[in-house]
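In what follows, a single structure is set out as structure tokens and then discussed.
The values are calculated or read from the model by the stated rules, or taken from the named source; none is laboratory data. Keep in mind that what you see is a predicted model, and the values were worked out from it rather than measured. Please note: Cβ atoms are built from the backbone with ideal geometry, for glycine as well, and neighbour counts cover all protein chains shown. Surface areas here come from the heavy atoms of the whole protein model, side chains and all, with no ligands, DNA or RNA. Shrake-Rupley method; radii C 1.70, N 1.55, O 1.52, S 1.80 Å.
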Amino acid sequence: MSNFDKNVEKYERAVDKVAGTAQKAAGVASRLQVGCWIIFANLFFAGFCLWGVYAASISWKLENEGVTTTGTVVRLEESDSAESGCCVYSPVIEFTASDDRKYTFEGDNASDPPAYDVGETVNIIYDPKDPDTAQINKWTERWLFPILIIPDMTITALIVNFVLIRQLWRGEPIDEG
């Protein structure tokens, strides 16, 4: 074997080694990307679950310690809708607490058409220690959001984690198409 052939062989081995190293680096980068997506997705889903838990804890606290009274819808707060760009309406309710002071709060649910009319009387429940914590005393206003968001985010997190962890184990990149 000539000196030239030996050099070519060394060169080919070096190129194969560099290609193997590049392939390993690409695999590490792919796994790192999937790992970052797993962390990001779980933080996202946990945030929504915690929001639901917080809403449920407020409703639970009001259920056990709250005082019921009536309030009046004094205005409708307009905000943009994600679907059509305009507009959904949240009721703003004014009530008098046991300390004879007036308090105002905005309802948690927004809708189009508005679910409430200005001047309408609604049952409310508030925290006597902190009357700024109040809700419309209606099951759907108080419990629907936590009952929907917590299981939805948990199930979605399980599915997304299954897919991402499977990709991580297989060393597959995330499709960006």
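Structure above, values below:
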quantity: Total residues in region 98-110, condition surrounded by 13 or more Cβ atoms within 10 Å (Cβ to Cβ), charged (D, E, K, R) and in a strand (DSSP E or B); calculated: 1
quantity: Odd one out for Trp169, checked against (1) within 30 Å of Cys36 (Cβ to Cβ); (2) open to solvent by less than 80 Å² (accessible area, probe 1.4 Å); calculated: (2)
quantity: Residue within region 84-104 that is acidic (Asp, Glu) and closer than 26 Å to Ile147 by Cβ present; calculated: no
quantity: Filter result (within 19 Å of the chain's Cα centre (by Cα), over 20 Å from Val53 (Cα atoms) and open to solvent by less than 60 Å² (accessible area, probe 1.4 Å)) within region 111-162; calculated: Val160, Asn161
